[in-house]
Amino acid sequence: MNKTIEKLLSHHSVRKFTEKKLTTEQIHTLVKSAQAASTSSYIQAYTILGIKDIEKKKRLSELAGNQPYVINNGHFFVFCADLYRHEIIGENEDGDVIDSLESTEKFMVAVIDAALAAQNTVVAAESMGLGICYIGGIRNNLEAVSDLLELPDRVIPLFGLAVGYPEEETGVKPRLPLHHIYQEDRYNSDPGRIMSDLEEYNKTVSSYYEARTNGKRNDRWTSQMAAMLSNKKRMYMKDYVEKKKFNKK
């Protein structure tokens, strides 16, 4: 097993960073690594915002559920799906691009492009000895986030990424069994088989939490998922996405 794979398999979120800031060179290296990710049809439909203004970081923390590591980190990125520049391209190149920009397909392309770029950033950061934490909480109130960051139509903030020098490490959470994720030639949709696999996984997850909390928690993964999915969250998203001129067709 090479060092790249070892680093990938040891991935875990970091939620406590030292006060040390990333240098401009480090930030640019991470962004260049993001740009090296695959992009559908060379469209490069994303923008990465680096947030240095402490008041903006404080506000983003509030909007994300008062997560302190949005403020306290080496650098904070916001990854956005971005088709605004492509609208400008259409206007300047006399292209009839609006129907395409407002299609479900291009919405998916922009989201996927941003996610691929972000994961490249994560791999690069961890290879540099840095830690990361994705911040999906900025989607709690995207209208306020968009206003704060002065985002035009056709730009949607998808998630934040806190990067920095770890002060506190956590263990690697056990993932679903490989045979549950990787299937060949056909999808096995047998509910009995699925739940049988998941009960075994529940035991693994419960053991992980018991060890991590000295017996204070023994959560089952399936009960976690059922509770989380029963709690309707961010149900405004469809209207917001369409308001920003994405996914209208």
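The values are calculated or read from the model by the stated rules, or taken from the named source; none is laboratory data. Remember, predicted model here, so these are calculated numbers, not experimental data. So basically every Cβ, Gly included, is an ideal-geometry build from the backbone, and we count neighbours across all protein chains shown.
Annotation note: of G164, G160, the sole residue that is touching a strand residue (DSSP E or B) at 6+ places or on another chain (Cβ under 7 Å), more than 30 Å from L101 (Cα to Cα) and surrounded by 13 or more Cβ atoms within 10 Å (Cβ to Cβ) is G164.
Of the residues in the stretch 100-122, how many are of a type in the set (A, V, I, L, M) and either surrounded by 19 or more Cβ atoms within 10 Å (Cβ to Cβ) or in a strand (DSSP E or B) (or both)? Break it down into steps so the answer makes sense when it comes.
The first filter runs over the stretch 100-122 and keeps only residues of a type in the set (A, V, I, L, M), leaving 101, 108-112, 114-118, 122.
Among the residues that remain, those that are also either surrounded by 19 or more Cβ atoms within 10 Å (Cβ to Cβ) or in a strand (DSSP E or B) (or both) are: 101, 109-111, 114, 117-118, 122.
Residues in the stretch 100-122 being of a type in the set (A, V, I, L, M) and either surrounded by 19 or more Cβ atoms within 10 Å (Cβ to Cβ) or in a strand (DSSP E or B) (or both): 8 in total.
Scanning the stretch 25-46 for residues that are surrounded by fewer than 10 Cβ atoms within 10 Å (Cβ to Cβ) and in a strand (DSSP E or B) returns no hits.
Scan the stretch 70-79 for residues that are of a type outside the set (V, I, T) and either buried (at least 22 other Cβ atoms within 10 Å of the Cβ) or in contact with an Asp or Glu (Cβ under 9 Å, 6 or more places away or on another chain) (or both) and jot them down. Working first, answer last.
Our first condition is that a residue be of a type outside the set (V, I, T); within the stretch 70-79, this holds for 72-77, 79.
Correct list: N72, N73, G74, F76, F77, F79.
Close Cβ contacts (under 6 Å, 6 or more residues apart or on different chains) running from residues in the stretch 152-178 that are closer than 30 Å to I88 by Cβ and outside any strand (DSSP E or B) to residues that are modelled with pLDDT of 95 or more and of a type outside the set (S, T, Y) comprise D153/K244; D153/K245; R154/L83; R154/E87; R154/K245.
Out of L49, L22, report the one residue that is modelled with pLDDT of 95 or more and in a strand (DSSP E or B). Step through it out loud before you land on a result.
Numbers: L22 fails: in a strand (DSSP E or B).
The conditions single out L49.
Go through S103, S38, S10 for me and flag whichever is at pLDDT below 95 and of a type in the set (S, T, N, Q).
Details: S103 fails: at pLDDT below 95; S38 fails: at pLDDT below 95.
After ruling out the rest, the residue left standing is S10.
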